[in-house]
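To start, the structure itself, in C-alpha cells.
The values are calculated or read from the model by the stated rules, or taken from the named source; none is laboratory data. All values reported here derive from a predicted model rather than from experimental measurement. Don't worry about glycine lacking a Cβ; one is built from the backbone with ideal geometry, like all the others, and counts go over all protein chains shown.
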Amino acid sequence: MSSLGIYIHIPYCLQRCTYCDFATFVHTEVRPPEDYVALLKKEIAARSSFFQPQILKTIYFGGGTPSLIPAHLIVELILELAKFGYTTGPQTEITIEINPATVDEKKLEIYLAAGVNRFSVGAQSFSNRLLKMVHREHNAQQTKDTLALLRKYNLNFSFDLLFALPTQTLSELQQDIDIAIELGSKHISPYCLTVPEGHPLSKNRPLEDDQITMFNMIHSSLTKAGFNRYEISNYAQANFESKHNLLYWTDEEYWGLGLSAHSYKKSSFLEQNDNPWGARFWNLSNFELYAAQIESLPPFTTQNVWPEKQIEYLLRHQALTDFCHTSLRLTAGLSDDAVLRKFPANAASSQISGLAAVQSIAQPLVQSGVLAQKNGHYLLTEHGLLVSNQVFEKFTFLAEDL
C-alpha cells in the first residue's frame, strides 16, 4: 500500500460561518462548480508527474462544503485521477466533508458507487442557539437526520464539535458530547474555538478555567465511551482513525489540488534544487488568480509549474521543526529512533544529530512536567496538552542549533 494522499479543496459554502478563515466562498458569488472542476482536471493533468502514480492511500474532499456541488462532479475527479495512474482500491480511504441537509439518499448512493467510504459531518453543536450564533445554516434536527441516513447504510462517519463558544455552558457541552456518542460516530474531533482578539466571537467566551474544565470533560466522556485520543484534537474508536490526517502528522507525502491547497514532497521535485529535506508548495487562495494560473499551465509538463513565491524548500532545521511539531501532536509522541534515522549526525559538516538537538530541549521539559519520556518516545503530558503551543515553540530550531 502506498503512503500518498490527495487533498481536493472544494470552496463552495451556503454561507460564511462567523469563525471560518478557510478559502471558501458563498456558492452563488463565484464561478459555478462545473467551471471549478474543469480547472481541477486541468491541474491534475498538468501536475500529474510531480508524484509517482500509484494506488492511493487516501483521497480527502474538503472545503467548504463538497457535498454542496453535484455528486457526479466528485465522481469525475476520482476518475480523472485514475486516468493519470492515481487509482483507488479497497483499502483506499476516500473521505468527503458533508454538511447536514446537503446529502440525500440518491446523492449518497452516487458517492458510495464511486468508492467514497468515509464521511466527515460538520455538526459543530447540537444546540440551535449556538448554531445560529456562528451562522450555521443547519439546525440540530437536520444533523440528526443526516446521521440517521449514514447509520442506515452502516457507514463510517466522523464529526466535529466546537467548544468554548460565547455563552456556552458546561451543561450544553455535555449534552453535545452525549448526543455525539449516542448517534454512533466512530471518530469525533473536538475543536476549541480560536478567533483573534476583537473578533465578534471573542466576547463572552467561557473563562480560561472553564475552558480547561470543558477540555477535561470532553476527554473523560469520550474515553469512557471507548474512544482513544490519538491526536490532540482527535478521538477515535479502534481502527477508525483518519488515515488521511495521519499522513500530515507522520511525515508522509500529500498532494493538494484546488484553491489554496498545500502539498508536501519529501525530496525536491526540481532537478536543479537537490534538497534532501523536501519542499512544500501551495496554490493561490484568490479564486480568479488561481483560475488564471491553472489556465496558463502547459499540459503534462515535467518542469516546475509553481512560481518561486509558492514554494518553500525546507532546510534541515526547518524539517526537524516540522517533524517535532507534527509528531508531538500524536499520542504516540516523538520517537528517538525516527529522529535519528531522518536527522543523523554529519561529521563532514560538523552537524550534530537531530536527536541531540531534540534531547537538549526535551529533557528540561520532562523535568518541568509538560513532557514524559516512555519507551524511547517523548509525549505531551496532560498538563503539556493544555500548553501545547508553548511546547511546540520550544521545538522551533534555527540553523545554528544543528
Which is part of a loop (DSSP other than H, G, I, E, B), modelled with pLDDT of 90 or more and charged (D, E, K, R), of 271, 252? 252
Determine whether segment 342-349 contains at least one residue that is in a strand (DSSP E or B) and free of Cβ contacts under 8 Å to residues at least 12 places away in the same chain. yes
Being outside any loop (DSSP other than H, G, I, E, B) and either surrounded by 21 or more Cβ atoms within 10 Å (Cβ to Cβ) or aromatic (Phe, Trp, Tyr) (or both) is true for just one of 110, 59. Which residue is that? 59
Is it fair to say residue 109 is in contact (Cβ under 8 Å) with a residue 12 or more places away in the chain and acidic (Asp, Glu)? no
Only one of (1) of a type outside the set (Phe, Trp, Tyr); (2) more than 30 Å from residue 327 (Cα to Cα); (3) crowded, with 19+ Cβ neighbours inside 10 Å fails for residue 125. Which number is that? (2)
Checked segment 55-83 for anything more than 22 Å from residue 296 (Cβ to Cβ) and of a type in the set (Asp, Glu); matches are 76
Checking the conditions here, which among 189, 185, 221, 171 is assigned to a helix (DSSP H, G or I) and either surrounded by 15 or more Cβ atoms within 10 Å (Cβ to Cβ) or among the charged types (D, E, K, R) (or both)? 221
Can you tell me which residue is nearest to residue 161 (Cα to Cα) among those in segment 224-237 that are touching a residue at least 24 places away in the same chain (Cβ under 8 Å) and in a loop (DSSP other than H, G, I, E, B)? 233
Given the conditions (1) at pLDDT below 90; (2) outside any loop (DSSP other than H, G, I, E, B); (3) in contact with a strand residue (DSSP E or B) (Cβ under 9 Å, 6 or more places away or on another chain), and given that residue 132 satisfies all but one, which numbered condition is not satisfied? (3)
Can you tell me which of (1) in a helix (DSSP H, G or I); (2) within 27 Å of the chain's Cα centre (by Cα) is the one residue 360 doesn't meet? (2)
Does any residue of segment 116-125 turn out to be assigned to a helix (DSSP H, G or I) and in the same structural domain as residue 79 (by TED's automatic domain parsing)? no
Kindly establish whether residue 52 is in a loop (DSSP other than H, G, I, E, B) and over 23 Å from residue 297 (Cα atoms). no
(1) part of a loop (DSSP other than H, G, I, E, B); (2) more than 20 Å from the chain's Cα centre (by Cα): which one isn't true of residue 91, the others all being true? (2)
Say we look at segment 142-158 and pick out the residues that are touching a Phe, Trp or Tyr at 6+ places or on another chain (Cβ under 9 Å) and not β-branched (Val, Ile, Thr); which of these is surrounded by the fewest Cβ atoms within 10 Å (Cβ to Cβ)? 151
